[in-house]
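The next block holds one structure in the form of structure tokens; read it before the comments.
The values are calculated or read from the model by the stated rules, or taken from the named source; none is laboratory data. Bear in mind that the values here come from a model prediction, so they are computed numbers and not experimental data. Every residue, glycine among them, receives a Cβ derived from its backbone with ideal geometry; neighbour counts consider all protein chains shown. Ligands, DNA and RNA are stripped out before the accessible areas are found, and what is left, the full protein with its side chains, is counted by its heavy atoms. Shrake-Rupley method; radii C 1.70, N 1.55, O 1.52, S 1.80 Å.
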Amino acid sequence: MKPTKIYFSATVLGMALASLNATAQDQDTLKIGVLATLEGALTVSGQDGMRGMELAMRQHDFTAGGKKIEVIRASSTGQPDTAVNAARKLVEQDKVAILIGPLSGSEGIAVKDYAKTQPGVVFVNGSSAAQETTLKDPAPNFYRFSTDGAQWSAGLGTYVYKDKGYKKVAIVAEDYSFPYAQVQGFMIEFCKAGGKVPDKQWVPLGTKDYSSVIAKLPTEIDAIYVALGGSDAVNFFSQYEQSGGDKPFIGGSITVDQTVLSYKGKRRDALIGTPAAGPTADNWDNPAWNKFVQDYRDAKFDNAYATPGLFAHAYYVNTKAVLAGLDAVKGDVSKLGAHLASMTLDTPTGPVKLDENRNGVANIFLTEVAKSDDGKLYNKVVKVTPDVTQTLGLSKEEFEKMGFGTRTNPECK
Amino acid sequence: MSANRWRHAMDTAGAGARVKPGISGRIAPQSGRGASHTRSPSTPDERSRLQRKCARYLAVLVILLAYPWLASDFFTFQIGAQSLVLGIIALSLTFLAGYGGMVSLSQMTIAGIAGYAVAIFGHSAVTQISLAWPWWLAALIAVILAVVAATLIGLISVRTDGIYTIMITLAIGVAMFYLTQQNYTIFNGFQGFSNLFPPEISGVNLKDPMPFYYLSLCIALVAYAAVKYLVRAPFGIALQGTRDNARRMRALGFNVAAHRIAAHAFAGLLAGIGGVLLVWYNGRISPGTIGTTALINVLIIAVIGGLRHPLGAFLGALVFILLQNFAIDLIDRERFNLVIGGAFLLILIFSPDGLLGLWRRVRGLLHPARKQ
């Protein structure tokens with residue numbers, strides 16, 4: 001068959017490409033691979049993550065530790081297998097010394113597993129926030145200067161029980177690992193304070209019709225904890241309003257965002273006072289944060305948000321960690337890992353250091369929806385919880401006994 | 001089917017091809033060559049052609065065998081092995097669509113069923129679901145389940161034609177996607193299964209790039225040979241008959257539906273084996289593995305490669321994987337999907353038969369005398 005020749009020539013072409021890339025290595029440049037989700041449902045988040053990375057790089061003039069930095073980007077679709085394929089391409093084909101990424105939780109777990117097979121490469125997280133990435137069977141060369149989904153809930157459970165006086169809370173959350181972690185972070189504190197969670201409802205991602213969920217909500221509750229993202233949250237809020245619901249809400253980290261705050265329904269005012277917790281707060285009045293927001297705006301990225309989002313922040317912090325680390329070790333990547341593990345990084349949201357699993361210990365913000373003078377809703381910072389660890393104040397043994405958040409863990413009915 | 005009927009089918013198909021090659025279209029070169037092949041090569045011209053063909057096969061085989069020694073681990077595993085694995089799955093569609101005239105979008109679903117079976121019956125990180133049976137048993141069950149599923153899909157879809165077959169198989173594929181995403185007791189929902197690695201056999205870890213490449217290569221070669229054999233066997237000829245004129249085949253006494261279902265079952269076997277390899281390659285499976293994008297990717301691979309010949313599936317997979325990996329280097333922006341889409345569009349505009357058709361066209365221009 002003649003066509004086999006095409007196969008042959010394509011193979012040769014492929015091998016030629018391989019050798020081409022391998023030769024283009026320079027002593028004074030350092031290759032850093034950046035992996036984010038630039039395809040599929042999370043594209044917008046991935047682009048914001050890339051903006052955060054780019055901002056940190058620009059502030060460092062693309063140099064660190066006396067070396068010029070060459071950034072090689074790669075994209076995944078949000079699926080773990082595509083993330084590993086992209087990471088493998090960056091590491092084995094483009095020969096990057098450091099990899100920053102990925103974006104979402106299950107991708108993070110997959111890339112962490114891959115990191116174990118490449119001990120010479122330094123892996124630094126992008127914005128993925130799964131607990132397992134650093135808690136379960138961590139990779140020695142995977143560093144996360146951002147925090148996980150359970151950490152993001154820090155302070156919320158205690159606050160709603162003590163200050164808001166909610167004793168019984170029902171939960172409506174999306175059915176995957178990130179909300180599990182968020183709910184766990186919330187419930188650890190809430191149950192410890194004495195609160196009860198009589199009902200948890202897990203809905204598939206992208207649910208449009210919440211009528212059955214709303215009908216099943218128990219009546220004798222004080223509030224509803226809602227961990228839904230984007231349009232799911234808007235759908236739930238409006239349908240809850242239409243069905244005559246009148247309970248106050250508690251928000252997950254990605255629930256009360258700009259789409260929800262610009263909500264126009266009748267119960268708009270009912271959103272005021274909705275508490276939530278997360279790794280960033282748009283309106284935190286702090287010089288470092290204000291400078292970060294100003295820099296982000298001054299960078300004039302295409303399609304940028306008014307303020308840097310959660311993903312831009314995470315990629316910014318992790319990139320910053322790499323650059324600061326490289327400066328400290330004078331560009332010697334073999335020493336970078338040890339330095340990253342011991343350094344304290346100053347970020348726009350306060351100092352971050354790593355725990356023994358190389359996971360970030362950082363500030364978490366407790367916010368509440370408030371109405372500004374011009375009638376707009378915004379998230380007001382109520383409290384900053386400093387140095388939140390991955391075990392959320394529990395001892396390591398206690399946390400291990402409890403295990404990761406799942407649909408049924410923890411419980412306090 | 002009696003032997004008599006098979007022979008009859010072969011004669012009819014072969015005669016049809018010889019009498020009016022223009023009308024019987026795709027089937028003509030295949031069966032024509034097949035028919036001449038069954039006789040011993042008598043003329044010197046035919047003999048030398050056969051020799052050249054053997055030499056070509058040998059050359060390709062040597063290149064394929066030597067490839068991992070020349071290429072880096074990345075090219076062996078991510079480009080080589082992944083192309084072979086996706087090629088096997090696309091081959092099942094090439095067989096169905098090219099020889100049976102049935103475009104099924106559910107081939108990735110069948111591969112996914114096999115993959116999920118490997119995860120559920122074998123070892124995985126989700127210990128509360130996985131039964132942790134030995135790998136060979138899990139793989140065997142996976143392939144059997146894939147064949148059963150393919151047969152059932154065949155049963156449902158064979159009575160439809162053209163776009164309706166596509167719609168039905170797409171519906172089945174999407175339904176399966178949502179089932180796996182929303183069912184937690186068996187499929188572990190959105191998260192799926194991880195840590196699904198190929199076994200270690202007598203010290204050789206099949207997870208390593210080179211052993212996995214050779215494993216995929218062996219299976220791909222067997223699958224390729226099987227399809228090549230089958231399409232020239234009486235069953236394959238009859239199947240091509242049903243593709244070209246189902247009514248006539250029915251009038252000749254063939255059970256068209258049975259042939260089509262059998263074709264689905266065989267394609268299911270290929271897809272199932274491909275599915276087992278795919279989860280071993282990825283080390284994980286989740287609903288995204290069998291989502292709509294994945295279903296359509298298989299169709300893209302088969303079509304850009306060319307549906308006329310089993311080789312097209314592998315060729316298409318190679319081009320697809322190369323584009324997927326390197327398009328982002330061509331445009332260093334968030335627009336690299338444009339390159340991928342553009343390349344597919346160009347291939348299809350200039351050659352509706354895919355890359356194989358393009359090659360045939362070039363060869364025709366170079367050697368007009370040999371054009372068949």
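General remarks:
- Contact map, the stretch B:196-208: first residue among the basic types (Lys, Arg), second residue open to solvent by 70 Å² or more (accessible area, probe 1.4 Å), Cβ cut-off under 9 Å, separation 6 or more or different chains; pairs are B:Lys207/B:Phe197; B:Lys207/B:Glu200.
- Test result for A:Glu356, in a loop (DSSP other than H, G, I, E, B), under 17 Å from A:Asp148 (Cβ atoms) and either of a type outside the set (S, T, N, Q) or open to solvent by less than 20 Å² (accessible area, probe 1.4 Å) (or both): yes
- Once the stretch A:89-130 is narrowed to residues that are in contact with a Phe, Trp or Tyr (Cβ under 6 Å, 6 or more places away or on another chain) and charged (D, E, K, R), the residue that is most open to solvent (accessible area, probe 1.4 Å) is A:Glu92.
- Taking the stretch B:348-362 as the range and being within 9 Å of chain A (Cβ to nearest Cβ) and either open to solvent by 10 Å² or more (accessible area, probe 1.4 Å) or at positive phi (or both) as the test, the residues that pass are B:Leu355, B:Leu358, B:Trp359, B:Arg360.
- The condition of being outside any loop (DSSP other than H, G, I, E, B), modelled with pLDDT of 90 or more, more than 14 Å from the chain's Cα centre (by Cα) and surrounded by fewer than 20 Cβ atoms within 10 Å (Cβ to Cβ) holds for only one of B:Leu338, B:Leu345, B:Leu322, that being B:Leu322.
- Exclusive hit being within 14 Å of chain B (Cβ to nearest Cβ), farther than 18 Å from A:Val124 by Cβ and touching a Gly at 6+ places or on another chain (Cβ under 6 Å), set A:Gly40, A:Gly66, A:Gly101: A:Gly40
- Residue within the stretch B:271-281 that is without any contact (Cβ under 8 Å) to a residue 12 or more places away in the chain and open to solvent by 30 Å² or more (accessible area, probe 1.4 Å) present: no
- Residues of the stretch A:138-153 include at least one that is open to solvent by 10 Å² or more (accessible area, probe 1.4 Å), among the aromatic types (Phe, Trp, Tyr) and at pLDDT 90 or above.
- The residues on offer are A:Ala130, A:Ala150, A:Ala173, A:Ala154, and the sole one that is within 14 Å of another protein chain (Cβ to nearest Cβ), of a type in the set (A, V, I, L, M) and under 15 Å from the mean Cα position of the chain (by Cα) is A:Ala130.
- Residue list for the stretch B:242-267, restricted to those being without any contact (Cβ under 8 Å) to a residue 24 or more places away in the chain, of a type in the set (Gly, Ala, Ser) and either open to solvent by 30 Å² or more (accessible area, probe 1.4 Å) or in contact with a Leu (Cβ under 7 Å, 6 or more places away or on another chain) (or both): B:Ala251, B:Ala258
- Restricting attention to the stretch B:182-203, the residues that are more than 15 Å from B:Ala138 (Cα to Cα) and within 14 Å of chain A (Cβ to nearest Cβ) total 11.
- Some residue of the stretch A:58-71 being assigned to a helix (DSSP H, G or I) and touching a residue at least 60 places away in the same chain (Cβ under 8 Å): yes
- Annotation: of all residues in the stretch A:384-407 being under 17 Å from A:Gly157 (Cβ atoms) and among the hydroxyl-bearing types (Ser, Thr, Tyr), the one that is surrounded by the most Cβ atoms within 10 Å (Cβ to Cβ) is A:Thr391.
- Scanning the stretch B:190-218 for residues being touching a helix residue (DSSP H, G or I) at 6+ places or on another chain (Cβ under 6 Å), farther than 27 Å from B:Leu93 by Cβ and open to solvent by less than 30 Å² (accessible area, probe 1.4 Å) gives a total of 1.
- Pick from the stretch A:264-306, criterion touching a Phe, Trp or Tyr at 6+ places or on another chain (Cβ under 9 Å) and open to solvent by 30 Å² or more (accessible area, probe 1.4 Å), ranking: nearest to A:Gln182 (Cα to Cα): A:Asp282
- Options B:Ile153, B:Ile113: the member that is part of a helix (DSSP H, G or I), among the hydrophobic types (A, V, I, L, M, F, W, C), touching a Leu at 6+ places or on another chain (Cβ under 7 Å) and closer than 17 Å to B:Leu96 by Cβ: B:Ile113
- Selection of the stretch A:23-49 for residues being under 30 Å from A:Ser106 (Cβ atoms), out of contact with any Leu (no Cβ under 7 Å at 6 or more places or on another chain), surrounded by fewer than 24 Cβ atoms within 10 Å (Cβ to Cβ) and touching a residue at least 60 places away in the same chain (Cβ under 8 Å) yields A:Leu30, A:Lys31.
- Single residue of the stretch A:72-97 satisfying the filter (outside any helix (DSSP H, G or I) and within 23 Å of the chain's Cα centre (by Cα)) that is farthest from the other protein chains (Cβ to nearest Cβ): A:Ser76
- A:Gly244 falls short on exactly one of the conditions (1) open to solvent by 40 Å² or more (accessible area, probe 1.4 Å); (2) on the phi < 0 side of the Ramachandran plot; (3) not aromatic (Phe, Trp, Tyr), and that condition is (2).
- Within the option set B:Leu96, B:Leu86, B:Leu105, being in contact with a Leu (Cβ under 7 Å, 6 or more places away or on another chain), among the aliphatic types (A, V, I, L, M) and under 25 Å from B:Ile321 (Cβ atoms) holds for one residue only, B:Leu105.
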